[in-house]
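A quick write-up on the structure given underneath.
The values are calculated or read from the model by the stated rules, or taken from the named source; none is laboratory data. None of these values were measured; they are calculated from a predicted model. Reconstructed Cβ throughout: ideal geometry from the backbone, glycine too, with neighbour counts over all protein chains shown.
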Amino acid sequence: MTDLKPNDLLDRRYRVIDTLAQGGFGKTYIAEDTRRPTNPQCVIKQLKPPSNHPKSLENARRLFRTEAETLERLGKHDQIPMLLAYFEEDEEFYLVQEFIEGNTLSSEIKPGQSWSESQVRQRLQEVLRALSFIHQNRVIHRDIKPDNIIRRHQDNKLVLVDFGTVKQIRGPNNQVSGTIAVGTPGYMSTEQGRGNPRANSDIYGLGMIAIQAVTGLTINQIQEDPNTGEVIWEPWAKISDDLKRILSKMVRYHFRERYQSATE
């Protein structure tokens, strides 16, 4: 994969500023759009096909286009970054997305400090609106965690980011089969860890964020029952029985016992 450096120009338009992240799927850069008057910043995701064999490349090209179409559809929601462009250069694929200026939810969840019940409910409802839209479009985010939720400075809304690993749901049971596990330990459900994420795998991740917020525990301090696999957290939470019931159902070990949709 081409290692882009600051000032490199992509598509004769996007000037690289810095590297944001890199992983098994590719790299993410922050860049500026040199063809717009104010040179606004944007996020560029660089994806390399698994092989440069013509047949493999053509298949990757088709999947890339499908992914871009999905991101464009999702970007119509106010809490999801817009897709600005997609292109291919030197047999590598690039997605250009809106840059969301703000702070991640990680900066609001502090160890030893717990949110009030009203704060938790309000933020849950806000993120669930975006998740509901994603799932209605037959997509699973697969990496719901505090770092992927940004409070946008412009209007204080919570925005879901990092759709680099989105996959369209296949099959009647909202199940993607034969995929590799994508996600972050602690926020990743059992079925997702086995490579079989479902829409309510995203609900599990959001539930774990809420549990962190109401207990003041770090994600690594939250334990599981060795016999049942259920999350142990209630003794540290000073919230109503109703909210305890909701959060417990969001993070049940078995997906069938969880909420089946973001609107439920």
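Brief remarks on what is shown
- Counting the residues of the range 33-60 that are under 16 Å from Leu84 (Cβ atoms) and surrounded by fewer than 17 Cβ atoms within 10 Å (Cβ to Cβ) gives 8.
- Selection status of Gln154, over 23 Å from Trp236 (Cβ atoms), surrounded by fewer than 21 Cβ atoms within 10 Å (Cβ to Cβ) and touching a residue at least 24 places away in the same chain (Cβ under 8 Å): yes
- Condition met for Thr184 (more than 17 Å from Ala262 (Cβ to Cβ), under 15 Å from the mean Cα position of the chain (by Cα) and modelled with pLDDT under 95): yes
- Answer from Thr28, Thr70 - the residue that is assigned to a helix (DSSP H, G or I), crowded, with 16+ Cβ neighbours inside 10 Å and among the polar types (S, T, N, Q): Thr70
- Listed by first and then second residue, the pairs with beta-carbon distance under 7 Å, at least 6 apart or on different chains, first residue in the range 6-34 and closer than 12 Å to Glu89 by Cβ and of a type outside the set (Lys, Arg), second surrounded by fewer than 16 Cβ atoms within 10 Å (Cβ to Cβ) and modelled with pLDDT under 95, are Leu10/Glu89; Asp11/Glu89.
- Lone qualifier among Arg151, Arg170, Arg142, Arg121 - being at pLDDT 95 or above and either within 19 Å of Leu247 (Cα to Cα) or part of a loop (DSSP other than H, G, I, E, B) (or both): Arg121
- Selection over the range 43-80 of residues that are free of Cβ contacts under 8 Å to residues at least 40 places away in the same chain and within 24 Å of Leu131 (Cβ to Cβ) gives a count of 6.
- Of the residues making up the range 224-237, those that are surrounded by 11 or more Cβ atoms within 10 Å (Cβ to Cβ) and either in contact with an Asp or Glu (Cβ under 8 Å, 6 or more places away or on another chain) or not aromatic (Phe, Trp, Tyr) (or both) are Glu224, Thr228, Gly229, Glu230, Val231, Ile232, Glu234, Ala237.
- Scope the range 102-146; condition surrounded by fewer than 16 Cβ atoms within 10 Å (Cβ to Cβ), more than 18 Å from the chain's Cα centre (by Cα) and small (Gly, Ala, Ser); matching residues: Gly112, Ser116, Ser118
- 3 or more residues modelled with pLDDT of 95 or more: qualifying helices (runs of 4 or more DSSP H) within the range 187-264: 199-215, 241-250
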